[in-house]
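This report refers to the structure that appears directly beneath it.
The values are calculated or read from the model by the stated rules, or taken from the named source; none is laboratory data. None of the values given here were measured: they were computed from a predicted structure. Note that we place each Cβ from the backbone using ideal geometry, even for glycine, and neighbour counts take in every protein chain shown. Each accessible area value is taken on the protein alone, full model and side chains, heavy atoms only, with ligands, DNA and RNA left out. Shrake-Rupley method; radii C 1.70, N 1.55, O 1.52, S 1.80 Å.
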Amino acid sequence: QVQLVESGGGLVQPGESLTLSCRGFGITFSNYTMGWYRQAPGKQREFVAIISAGNVEMYAVAVKDRFSISRDDAKNTIYLQMNSLKPEDTGVYYCANRMANIWGQGTQVTVSS
């Protein structure tokens with residue numbers, strides 16, 4: 001059974017950092033582009049960042065220069081390092097393989113003072 005499991009969410013203050021992890025089971029990450037998406041309360045799910053099998057990265061304008069996506073194919077895991085967090089970064093963060101339509105259950109990130 002294919003499964004993506006996110007972890008690392010939590011409550012932080014504005015300006016602080018957080019690192020999310022996503023581990024895959026039943027899927028070999030090295031073959032795929034993997035990504036992070038988020039959904040704020042009352043809003044549609046939106047793109048955050050992706051990393052290709054060849055380690056090419058792309059970011060949403062809202063997070064570029066603050067967030068960094070990386071992958072460790074040996075651990076079948078991708079990461080999202082989030083720095084200088086803002087209240088508008090609050091939401092549920094999902095790991096996904098869009099091509100295969102495989103999504104994790106999400107992890108909550110709340111940025112609040």
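Among the protein heavy atoms of region 1-99, carbon and sulfur supply 48% of the accessible surface, probe 1.4 Å, non-protein parts ignored. Here's the list of aspartates and glutamates a cross-link from LYS75 could span, going by alpha-carbon distance under 17 Å and ignoring same-chain residues fewer than 8 apart: GLU6.
In straight-distance terms, cross-link reach from LYS43 covers every one of the lysines whose alpha-carbon lies under 29 Å from its own, apart from those fewer than eight places away in the same chain; here that gives LYS64, LYS86.
Charge dipole of the chain (Cα centre as origin; +1 on each Lys and Arg Cβ, -1 on each Asp and Glu Cβ, all else neutral): 180 debye, rounded to the nearest 20. Averaged per residue, the chain has 54 square angstrom of accessible surface, using a 1.4 angstrom probe with ligands and nucleic acids left out. Would you work out if region 67-107 is rounded, prolate or oblate? Take a ≥ b ≥ c from the square roots of the eigenvalues of the alpha-carbon gyration tensor; rounded if a/c is under 1.5, else prolate when a/b is larger than b/c, oblate otherwise. Oblate is the answer for region 67-107, as a/c is 1.5 or above yet b/c matches or exceeds a/b.
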